[in-house]
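One structure below.
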Amino acid sequence: MSKRLIGLTGGIATGKSTVANYLASAYNLPILDADIYARDAVSVGSPILSAIAQRYGLEILLQDGNLNRQKLGEIIFHRPEERHWVESLIHPYVGDRFLQEIAESSAPTMVLVIPLLFEAQMTNLVTEIWVVYCSHLQQMQRLIQRNNLSEEQAQARILSQIPIQEKLASADYVLDSSSSIETLLRHVDNALKEISPK
């Protein structure tokens, strides 16, 4: 039997983690998270972190040798060519980790949380696409509050991603997170019941 591989994506701060946590706790589904793999990609001593430090200098590292994410964010969210360079190192690593985990798991249904599913061209990893959505204003408010960002910083992060309308057009299921969490989770229940693998 072929696996059901749900690609969970959406704009930044739209509620992907809420959906993933619910699928894990309510349905006991395995959650594979691109953000975790991306953090592993730049762990201390990794070739990718060395390449980043070589390009931007040692001030891109914290005193303990870890990546200074805030400093890197200031570079890549305002200079698209630098963001593409960093992503060209990290995305292949993340893609390989997904393939490895999928191959090693016997679970019939798995959830792949990939914020940059379209941007990283990873749609081939999944059998269906769920897009979590809320209004631009809500997205801005949530991002500013969650990450303690200025309006300009939040906007730069949102604009670094493909417009949410384009993602919605490619979705098999749209999860609207603009009202209550209860409503959002009801959408999740329906999506899990209604859509079968292609």
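The values are calculated or read from the model by the stated rules, or taken from the named source; none is laboratory data. Given the structure is predicted, the values throughout are model-derived calculations rather than measurements. All Cβ positions, even for glycine, are placed from backbone atoms using ideal geometry, and neighbour counts span all protein chains on display.
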Inset, instruction - For the stretch 175-184, indicate whether the set of residues that are in contact (Cβ under 8 Å) with a residue 40 or more places away in the chain, of a type outside the set (A, V, I, L, M, F, W, C) and closer than 24 Å to F98 by Cα is non-empty. - result: no
Legend entry - Residues located in the stretch 1-51, provided they are basic (K, R) and farther than 22 Å from S179 by Cα: K3, R4, R39
Inset, instruction - Select, from L23, L8, the only residue that is touching a residue at least 60 places away in the same chain (Cβ under 8 Å) and under 25 Å from R69 (Cβ atoms). - result: L8
Inset, instruction - Could you check I144 against (1) buried (at least 17 other Cβ atoms within 10 Å of the Cβ); (2) in contact with a helix residue (DSSP H, G or I) (Cβ under 7 Å, 6 or more places away or on another chain); (3) free of Cβ contacts under 8 Å to residues at least 40 places away in the same chain and say which number it fails? - result: (1)
Inset, instruction - For the stretch 168-185, indicate whether the set of residues that are under 15 Å from the mean Cα position of the chain (by Cα) and over 26 Å from A26 (Cα atoms) is non-empty. - result: no
Legend entry - Answer residue from the stretch 2-23, given it is at pLDDT below 95 and at negative phi and is surrounded by the fewest Cβ atoms within 10 Å (Cβ to Cβ) among those: S2
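Condition check ((1) over 28 Å from R142 (Cβ atoms); (2) touching a Cys at 6+ places or on another chain (Cβ under 8 Å)) across all residues:
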| residue | (1), (2) |
| --- | --- |
| K3 | yes, no |
| G15 | no, yes |
| L23 | no, no |
| P30 | no, no |
Inset, instruction - Identify, by number, the condition in (1) assigned to a helix (DSSP H, G or I); (2) at pLDDT 95 or above that I129 doesn't meet. - result: (1)
Legend entry - Scan of the stretch 8-23 for residues that are in a helix (DSSP H, G or I), within 18 Å of V126 (Cβ to Cβ) and among the β-branched types (V, I, T), ordered by number: V19
Inset, instruction - Collect the residues in the stretch 155-173 that are without any contact (Cβ under 8 Å) to a residue 60 or more places away in the chain and either touching a helix residue (DSSP H, G or I) at 6+ places or on another chain (Cβ under 6 Å) or of a type in the set (S, T, N, Q) (or both), keeping them in residue-number order. - result: Q155, Q165, S170, Y173
Inset, instruction - List every residue pair whose Cβ atoms lie under 8 Å apart, where the two residues are 6 or more positions apart in sequence or sit on different chains, the first residue falls within the stretch 43-55 and is over 9 Å from L89 (Cβ atoms) and surrounded by 13 or more Cβ atoms within 10 Å (Cβ to Cβ), and the second residue, located anywhere, is modelled with pLDDT of 95 or more and of a type in the set (S, T, N, Q). - result: L49/S43
